[in-house]
Amino acid sequence: MPKKVFKDRKEYSNHFKKLIELEREAEKEFHIREIQLLTGKEREQRGRAILGLKASYKGEIVGGYKVYRFGRPDMPENHQIKVGDVVLVSRTNPLKEGVEGTVYEKGKKYLDIAFSDPPPDLTRGYWRVDLYVNDITFKRMNKALTLFEEGKTNYPEEVVLGKGKNLLKVEEKEIKPFNENLNQYQLEAVKKALGSNPLFLIHGPPGTGKTTTLVEIIEQLVKNEKKQVLATADSNTAVDNLMERLIKRNLDVVRVGHPARVSKELIEHSLDYKVQHHPRYKEIQEIEKKIDQIKEEQANYLKPTPQWRRGLSDKQILELARQNKKTRGIKLSKIKSMAKWIELQNQIKNLIEEKKKIENQIVDEILKTADVVLATNSTAGNEFLENRTFEVLVLDEASQSTEPSALIPLIKAKKVIMAGDHKQLPPTVLHPDAKDLSYTMFERFIDLYPEASYMLRIQYRMNDLIKEFPSKEFYNGELISHDSVKDIKLSDIAKQKSDNPALDDTPIVFIDTKGKFMEKTRRGSFSKYNPEEAKFVKNLVEELKKMGIPSEDIGVITPYKDHEDYLKQLIPDVEVKTVDGFQGREKEVIIISLVRSNPQEEIGFLEDLRRLNVALTRAKRKLILVGDAKTLSSNEVYKRLIEFIKEKGKVLEV
């Protein structure tokens, strides 16, 4: 376990700077090495590149980005490139000729990519698109650490360093809730979050309504305490989710960030959109028109490139033109032409500065009047929010933010309310020596300041029996099932019964493969897959569909990427994802394919029990686990799980 308490700001900053540099290198190295080692075709098979794409111009979006659509009729289905990702677009060699863009929209047969400076010949020939590293986030983390080290933080540094116990005030504030459907635990969390200072932590196990609780807190802060709130999360999806709910509560929200990363339905609440619809935006358009006119005029004059200016500075060229003098073998007509070009360039420069000034004034006005400013943690470090401070930061998904990522918004606020669940998956960390980054600020604060934390207990997702084991194993048996979900079962949504004993109304079933389906490893891969187990899962899915369970209500989870790829080919119409891909999600029926089956009884990274917790808590009515009991039982927790299912659910054999 990394340090919980730090001696001073310098030690803190150095500790995390070292870790994020390792991680940045690992992420870059991962993509660069892969691009170097694999052919484009192989990278496409791994889902991190798409080849043979034709591009067409789609138009300009908010912020002046130009969007091109890249597509082909047989677009690979299993690629990992998603909206908001940074990609390299090239003909054949991404590392030599690649141009960076951001994925703006994604369809079955296309990707729309936004560029600030697109290659000139995009609409000709074929292109490849490669997933790449996003360096901006690392730069912003680094900057936040530097600011913290220099003492430029609005948040009490003692709390961050781990020495802030005596600064904490944990009290309840009596309120009248806006949402009358809050349960007693949610209401208690709201009262404590509002009454406590400068920190409060809400521990929200699966399905307990963590976001619902945060929305009430924000509404109370804005409407009753007249405070402006900064609300962030690590992912764009979580920010959009929070924003959607706040809009429904009639709050004036503004979303800061690249327009390509904002959900299309919410775009009118983005900062760029609001700027473009501001009454003063006409002034900006007038300036842009003038700039275009000057550029047109400028095209008639000689651009002072090194071959023409022959070492002369702009100032010297202008002086020579004024004096009607030629020099160094440059004709007077050329000197005059270059001088005119420079004069026009200076006009353009002044107009750009004027435009920037007006833009900043508009942005300032929009941000000043908003009730809630929303951004990802990383975007909280962008230029528009650079010198802003906020009364309160509300940080959702805090257990999925690395500490330097959470620090970016934290130093802007005087008080912080975080929500998360450190018993679910931590942030993904690539570099083996940077593993300390998966011990998040949220978890460190819960360890240091347990008195400033509170756990939500009533869950609204799972049948009571599905809830029972994770509750006992990960939440001290404290989870309570709400009456609306307690007894939900498969037959409530099935149109007909099945003869398969695994598909009756027993909420949780384990199917023991008895060592009959052995795991395999692909050449050059560290991942695992199990073809026979995959076929068995496919049959279960087919039977569920025959019962009238819609495909969109079925989810298949597996811990292994290679097994996910194999399953996707067999079951194309049902959502198949690794555990990481299913965090924060839910389905009526979940099948977990555990893959591992070997004579050594090794279960590898299934030992990460937080993964198990996430997998077990995605199903509402029916949870089916498929795996080799003998191999899995080499781990005590899996052994207890199988015993629990034998006692309260149903264990079947293949």
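The values are calculated or read from the model by the stated rules, or taken from the named source; none is laboratory data. As the structure is a computational prediction, the values presented were derived from the model and not from experiment. Virtual Cβ from ideal backbone geometry, glycine too; neighbours counted across all protein chains shown. Calculation scope for accessible area: heavy atoms of the full protein, side chains included, ligands and nucleic acids excluded. Shrake-Rupley method; radii C 1.70, N 1.55, O 1.52, S 1.80 Å.
With the structure loaded, tell me whether residue 58 is at pLDDT 90 or above, under 26 Å from residue 562 (Cβ atoms), open to solvent by 80 Å² or more (accessible area, probe 1.4 Å) and not aliphatic (A, V, I, L, M) or whether it fails that test. Please lay out each step first, then the result.
Numbers: at pLDDT 90 or above: yes; under 26 Å from residue 562 (Cβ atoms): no; open to solvent by 80 Å² or more (accessible area, probe 1.4 Å): yes; not aliphatic (A, V, I, L, M): yes.
Here the answer is no, as residue 58 does not meet what is asked.
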> Which ones in segment 97-141 are surrounded by 19 or more Cβ atoms within 10 Å (Cβ to Cβ) and assigned to a helix (DSSP H, G or I)?
Replying inline: 137, 138, 140, 141
> What are the pairs, 6+ residues apart or on separate chains, where a residue within segment 83-110 that is modelled with pLDDT of 90 or more has its Cβ under 8 Å from a residue that is open to solvent by less than 50 Å² (accessible area, probe 1.4 Å) and polar (S, T, N, Q)?
Replying inline: 87/102; 96/90; 97/90; 98/90; 99/90
>> I need the full set of residues from segment 516-545 which are more than 16 Å from residue 572 (Cα to Cα), part of a helix (DSSP H, G or I) and either free of Cβ contacts under 8 Å to residues at least 24 places away in the same chain or not acidic (Asp, Glu) (or both), in order please.
In response: 532
> What number of residues within segment 147-169 are in a helix (DSSP H, G or I) and either free of Cβ contacts under 8 Å to residues at least 40 places away in the same chain or in contact with a Ser or Thr (Cβ under 7 Å, 6 or more places away or on another chain) (or both)?
Replying inline: 6
> When you scan segment 80-96, how many residues do you find that are over 22 Å from residue 137 (Cβ atoms) and open to solvent by less than 60 Å² (accessible area, probe 1.4 Å)?
Replying inline: 2
> Pick from segment 322-339 the residues that are assigned to a helix (DSSP H, G or I) and open to solvent by 40 Å² or more (accessible area, probe 1.4 Å): which of them is farthest from residue 300 (Cα to Cα)?
Replying inline: 322
> Of all residues in segment 28-51, which are open to solvent by 50 Å² or more (accessible area, probe 1.4 Å) and of a type in the set (Asp, Glu)?
Replying inline: 29, 42
> Can residue 644 be described as open to solvent by 10 Å² or more (accessible area, probe 1.4 Å), over 20 Å from residue 504 (Cβ atoms) and assigned to a helix (DSSP H, G or I)?
Replying inline: no
>> Conditions first: (1) in contact with a Phe, Trp or Tyr (Cβ under 8 Å, 6 or more places away or on another chain); (2) more than 30 Å from residue 476 (Cα to Cα). Residue 420 passes all but one, so which condition is the exception?
In response: (2)
> Quick one: in segment 412-441, which of the residues that are out of contact with any helix residue (DSSP H, G or I) (no Cβ under 9 Å at 6 or more places or on another chain) and within 23 Å of residue 152 (Cβ to Cβ) is surrounded by the most Cβ atoms within 10 Å (Cβ to Cβ)?
Replying inline: 413
> Filtering segment 512-555 down to residues that are among the small types (Gly, Ala, Ser) and either touching a Pro at 6+ places or on another chain (Cβ under 8 Å) or within 19 Å of residue 598 (Cβ to Cβ) (or both), which residue is surrounded by the most Cβ atoms within 10 Å (Cβ to Cβ)?
Replying inline: 534
> Taking segment 556-570, which residues are crowded, with 23+ Cβ neighbours inside 10 Å and either touching a residue at least 40 places away in the same chain (Cβ under 8 Å) or under 21 Å from residue 620 (Cα atoms) (or both)?
Replying inline: 556, 557, 558, 559
> If we keep just the residues of segment 249-265 that are in a helix (DSSP H, G or I) and open to solvent by less than 10 Å² (accessible area, probe 1.4 Å), which is farthest from residue 355 (Cα to Cα)?
Replying inline: 260
>> Residues that are out of contact with any helix residue (DSSP H, G or I) (no Cβ under 6 Å at 6 or more places or on another chain), open to solvent by 70 Å² or more (accessible area, probe 1.4 Å), in a helix (DSSP H, G or I) and over 30 Å from residue 106 (Cα atoms): does segment 269-283 have at least one?
In response: yes
> Just a yes or no: is a residue in segment 352-367 assigned to a loop (DSSP other than H, G, I, E, B), closer than 26 Å to residue 417 by Cβ, touching a residue at least 60 places away in the same chain (Cβ under 8 Å) and open to solvent by less than 80 Å² (accessible area, probe 1.4 Å)?
Replying inline: no
